[in-house]
Amino acid sequence: MLDYKKILFPVDLSGIGDTIVPHVKTISDKFGAEVRLMFVAKVNEYYVDGEEPGVSIKKKVNEYKNEHFKEILDAQVVVTDGDPGDEILRYIDAEDIDLVIMATRGRTALDKAIFGSVAHKVAKVAPVPVFLINPFKDKFIHR
């Protein structure tokens, strides 16, 4: 039987991932798995005056966690910088992640190109199962 203990959920805070949250919660609940929310960016691009680089974005990701994953007590936030695909793959290996759940693409044409390529890279290279979800399909067909 499959046993997922650590689920990685890359987020971009665009709102796209909100439709995926119920799937992450359901799988986490069924397997008793911990959830890691990961945001990858150039930290200096998210600098807010008066705060250390990365502090404001970590606050935003923690707010996202508190809003969407408050009932999952062991949900963790990871913020790093670099190439999103490379950082996600590095984290999978470093933290013994068992499953990745992520959006297939972003909302805009540019987001589709960028995030779609990240999802493609992760799905192609990851040493663990990658569950890609189309964020614009809010209902799945049950047969």
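Odds and ends about this structure:
- Residues satisfying the stated conditions in region 1-35, i.e. of a type in the set (A, V, I, L, M) and in contact (Cβ under 8 Å) with a residue 60 or more places away in the chain: ILE7, LEU8, ILE16, ILE20, VAL24, ILE27, ALA33
- Residue that is modelled with the highest pLDDT [pool: residues in region 8-34 that are of a type in the set (A, V, I, L, M) and either exposed (fewer than 15 other Cβ atoms within 10 Å of the Cβ) or under 10 Å from the mean Cα position of the chain (by Cα) (or both)]: LEU8
- Qualifying residue in region 80-90 (condition: in contact with a Pro (Cβ under 8 Å, 6 or more places away or on another chain), assigned to a helix (DSSP H, G or I) and modelled with pLDDT of 95 or more): yes
- Residue tally, condition modelled with pLDDT under 90, assigned to a loop (DSSP other than H, G, I, E, B) and closer than 28 Å to ASP29 by Cβ, over region 91-121: 4
- Considered as a group, the residues in region 54-74 that are part of a helix (DSSP H, G or I), in contact with a strand residue (DSSP E or B) (Cβ under 7 Å, 6 or more places away or on another chain) and aliphatic (A, V, I, L, M) include one that is surrounded by the most Cβ atoms within 10 Å (Cβ to Cβ), and that residue is ILE57.
The values are calculated or read from the model by the stated rules, or taken from the named source; none is laboratory data. Given the structure is predicted, the values throughout are model-derived calculations rather than measurements. Glycine gets a Cβ as well: all are built from the backbone with ideal geometry, and neighbour counts include every protein chain shown.
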